[in-house]
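Data block below; observations after.
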Amino acid sequence: MRMIRLFESRPRWHSLFILALVLTPLLWPLQHLAGRYYTNELTEQNRQTLDLYVANLLGTLRRYEVLPGILGDLPVLRNALYRPDELQTVAQANQLLYELRERTNADVIYLMDSTGKTLSASNSAASDNFIGRNFSFRPYFQQAMGGEQGHFFGFGTTSSKRGYFFSAAIREGERILGVLVIKLDLDHTENLWGQTPEQLMVTDSFGVVVLTSRPDWRFRATRPLNPEEHEQIALHRAYPTTNPPPLTLNFDTWLIQSRELPEIGWTVRILAPESMIERPVRTVVAIGGATLLALLLWLGLLMQRRRHFLERLALETQLRRDLEVRVQERTYDLEALNKRLKEEVLEREQAQQELVRAQDELLQAGKLSALGTMSASISHELNQPLAAIRSYADNAGVLLDHGRNEDARANLCQISGLTARMASIIAHLRAFARRDQHAPERVALQPALDDSLAMLARQRQSMSVELIRDLPEATLWVQAGETRLRQVLANLLSNALDALNETPRPRRIWISAVRQEDETVLTIRDNGPGFTHEALERAREPFFTTKARAEGLGLGLAICDSLVRGFGAKLGIANHPQGGAQLSLHLRRADPDNGSDFSNEDHH
């Protein structure tokens, strides 16, 4: 009993508490690494978005920059400058400017004489037309009269609309007859931004916001203005107010990407709130904390079980000693028999202890193996659809930015199909874990192969892999599972691409299919390094891989072998005589004309 009391005197959770104190500080570097990772991801994403927006903005401006100089040579406009008092000449100029505005999609096109008075305009039929108004105070008029290409962004004093102005002088020899101006409406550049957490801000040379996705930021100053700048703002009347209010914004709470446009004196910024980084970082830290807690609970359970085992062992030892004392007190004649009995008891107890220990370790190993295999399988099989979903989502964002809605909708349909496939994979893995048995169904081989190739198209194109197909035109019907067959084909093609990753160009993959008496043989071959002798012997073993740990789990061929055996097929693994790996999928043929499919096990 003294040994039992010794165990009870030990603090049960002392070691576990010390381990928790040692491991908890590891959450701080985890938070730092997660923050740096998500910051880099968001920075790169915003940089690409900024490049697209700047390219679109500059492209829009440059498309109209040369038009005033070209249109100024039209005879109808020159006649309006020569004879401004003739109503018919001015009416012809108005009609021409209206037609030019319809063709170029400009906001307004108008003609001014050398004093800044508007003689003709495309909006002559509107109630707020420009005819008769003098805009000599505008910089674009002064620049054109000085012989330069005029450009200016400002708030319309007549239309009360923002716009970017391009102007050019109309000359007769050295004399300037007038100025032709084209005004662009840039409101659509704000509407293209959409409802996103990131915000757009475009500032001019005064630091005043001229374009933004937040209407309450518009025409606010991002920095203090000096008296000279206030004087120029009042003179040019570029904004609705001559004293732009300051923008009360804490820039420390935003992740900012900016791009200078020196040709027009603007600065384009994308502001992403810090919360976009904080939320995923908190999630990572929470997962890390939960993992640490689970580890501590698991260790605590092991410690408790060890304690119980030691207590039971001490109790058994004490009882055995008491029995020996009683036997010795009763009779000396039974000493020899007692000795033999003691040896037998010791051997039996040791065997029992070894059996209990082996059973406990086998039970725990079985649980961990099942859990690891299932989680690794799910991770391995969902990795490819997730990569394809991300690729389609990124492309859809770019297409929406360019107004290609139909192409973006096609990408979204692809994403929907991939999510359905992921659900089917998960259902299949759940059925596989329950040992459910399903009969094969009749499946068309070429569409399944096309779907798998489409999901890996981006990776194949980025690696410059040439695809050589030798497939019959007639549809090959085989006995398989719809999702399981696509899962097998995607794994085999992905392994072929991985094998070509470090192979010098040219990189090729051959796909061929032949129809035999009662089976169809699909062959996938690459010109990579092929299988080693060890890989050929262990390729079907789970978690065996020739890749680095960060690049593969070693489950691809093991899962494929299990799946194809599930619907009565065979997977052949070999090296081609001309080099590279060759995988042969022997599938049972199905009759396309029998009118009845096998049970559909992949659509429940």
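The values are calculated or read from the model by the stated rules, or taken from the named source; none is laboratory data. Keep in mind that this is a model prediction, so the values were computed, not measured. Cβ atoms come from the backbone with ideal geometry, glycine included; neighbour counts cover every protein chain shown. Just the protein is used for accessible areas: all its heavy atoms, side chains included, with ligands, DNA and RNA removed. Shrake-Rupley method; radii C 1.70, N 1.55, O 1.52, S 1.80 Å.
For this structure, a couple of remarks:
- Against the conditions (1) assigned to a loop (DSSP other than H, G, I, E, B); (2) open to solvent by 50 Å² or more (accessible area, probe 1.4 Å); (3) of a type in the set (A, V, I, L, M, F, W, C), F137 satisfies every one except (2).
- Filter result for the condition that a residue is assigned to a helix (DSSP H, G or I), open to solvent by 60 Å² or more (accessible area, probe 1.4 Å), within 30 Å of F17 (Cα to Cα) and not polar (S, T, N, Q), over L315, L319: L315
- Filter pass, L261 being aliphatic (A, V, I, L, M), surrounded by 13 or more Cβ atoms within 10 Å (Cβ to Cβ) and modelled with pLDDT of 85 or more: yes
- Candidates R442, R409, filtered to the one that is at pLDDT 80 or above and not in a helix (DSSP H, G or I): R442
- Contact map, segment 449-470: first residue of a type in the set (G, A, S), second residue surrounded by 15 or more Cβ atoms within 10 Å (Cβ to Cβ), Cβ cut-off under 6 Å, separation 6 or more or different chains; pairs are S452/R486; S452/L489; S452/A490; S452/L493.
Conditions tested, residue by residue: (1) in a strand (DSSP E or B); (2) open to solvent by less than 60 Å² (accessible area, probe 1.4 Å); (3) touching a Pro at 6+ places or on another chain (Cβ under 6 Å); (4) under 17 Å from D73 (Cβ atoms).
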| residue | (1), (2), (3), (4) |
| --- | --- |
| S124 | no, yes, no, no |
| S127 | no, no, no, no |
| Y164 | yes, yes, no, no |
| T189 | no, yes, no, no |
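- Out of V514, V521, one residue alone is surrounded by fewer than 15 Cβ atoms within 10 Å (Cβ to Cβ), closer than 22 Å to G568 by Cβ and either free of Cβ contacts under 8 Å to residues at least 60 places away in the same chain or out of contact with any Cys (no Cβ under 8 Å at 6 or more places or on another chain) (or both). It is V514.
- Residue, nearest to W217 (Cα to Cα), within segment 254-309, restricted to residues that are more than 29 Å from the chain's Cα centre (by Cα) and small (G, A, S): G265
- Residue within segment 260-273 that is assigned to a helix (DSSP H, G or I) and of a type outside the set (A, V, I, L, M) present: no
- Any chance G289 is touching a residue at least 40 places away in the same chain (Cβ under 8 Å), small (G, A, S) and closer than 27 Å to T39 by Cβ: yes
- Neighbours by Cβ (under 6 Å, 6+ apart or cross-chain): first from segment 58-86, within 19 Å of L119 (Cβ to Cβ); second of a type in the set (S, T, Y): P68/S167; N79/T89; A80/T89; A80/S120; R83/T89
- Applying the criterion of being of a type in the set (D, E) and modelled with pLDDT under 85 to the residues of segment 264-312, the residue that is least open to solvent (accessible area, probe 1.4 Å) is E274.
- Filtered by the rule that a residue be in a loop (DSSP other than H, G, I, E, B) and crowded, with 18+ Cβ neighbours inside 10 Å, segment 452-468 gives a lone residue, L456.
- Entry remark, segment 87-108: residues being touching a residue at least 12 places away in the same chain (Cβ under 8 Å) and over 16 Å from P75 (Cα atoms) number 5 in total.
- If you filter segment 63-82 down to residues that are within 18 Å of G173 (Cα to Cα) and not in a helix (DSSP H, G or I), you find that the one that is most open to solvent (accessible area, probe 1.4 Å) is D73.
- Of residues in segment 206-235 being surrounded by 17 or more Cβ atoms within 10 Å (Cβ to Cβ) and under 19 Å from S159 (Cα atoms), the one farthest from the chain's Cα centre (by Cα): I233
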